[in-house]
Amino acid sequence: MAFSFQEKSLWLMFISLIGGFGFYFMTVLPNDSADVMPHQVVVFVLAVVLLVIMQIVGHIVITIVDRRTETDERDRLIGLKGTRNAGYVLATGVFLALCTALLTEGNFVFTHVLLGFWVLAQLVEIGSQLVLYRRGA
């Protein structure tokens, strides 16, 4: 089964998110401080730079290999369904992050619950779209 440009792009984003933020969370967690430390901010910046570089290089390669980048109504509908699914995850994450802010000291747990659910929401959005493309929805 051949992948469309959109599917290749989604796979690239999915894998780079796991790689970039996987690196971040493995480096920063577990933590013995209640607050976010300066070295953790540096690791976050490195993770974001790694993510951006992977996505730029990957999209350049995908564009060279597959120049058909046009979208149709099906692509837009799949995107909307993925965004809807991600919205539920993100809303849940915001609620849980606010709960952790009330129940824990410092900002480390709050910040990382919020960041973790934001990354998870992105993965759910992209994963939903990939499943819908494979199902032919």
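The values are calculated or read from the model by the stated rules, or taken from the named source; none is laboratory data. Note that the coordinates shown come from a computational prediction; the quantities given were computed from them, not determined experimentally. Cβ: placed from backbone, ideal geometry, glycine included. Neighbour counts: every protein chain shown.
Tabulated values for the structure
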item: Scope the stretch 51-84; condition part of a helix (DSSP H, G or I), within 17 Å of Ser128 (Cβ to Cβ) and over 13 Å from the mean Cα position of the chain (by Cα); matching residues; result: Arg74, Asp75, Arg76, Leu77, Ile78, Gly79, Leu80, Lys81, Arg84
item: Single unsatisfied condition, Val94 versus (1) among the β-branched types (Val, Ile, Thr); (2) in contact (Cβ under 8 Å) with a residue 40 or more places away in the chain; (3) over 21 Å from Asp32 (Cβ atoms); result: (2)
item: Some residue of the stretch 24-31 being exposed (fewer than 12 other Cβ atoms within 10 Å of the Cβ) and not in a helix (DSSP H, G or I); result: yes
item: Residue match in the stretch 32-50 (condition: farther than 15 Å from Ser128 by Cα, among the small types (Gly, Ala, Ser) and assigned to a loop (DSSP other than H, G, I, E, B)); result: yes
item: Options Thr100, Thr71: the member that is surrounded by fewer than 19 Cβ atoms within 10 Å (Cβ to Cβ), farther than 21 Å from Gly19 by Cα, polar (S, T, N, Q) and at pLDDT 95 or above; result: Thr100
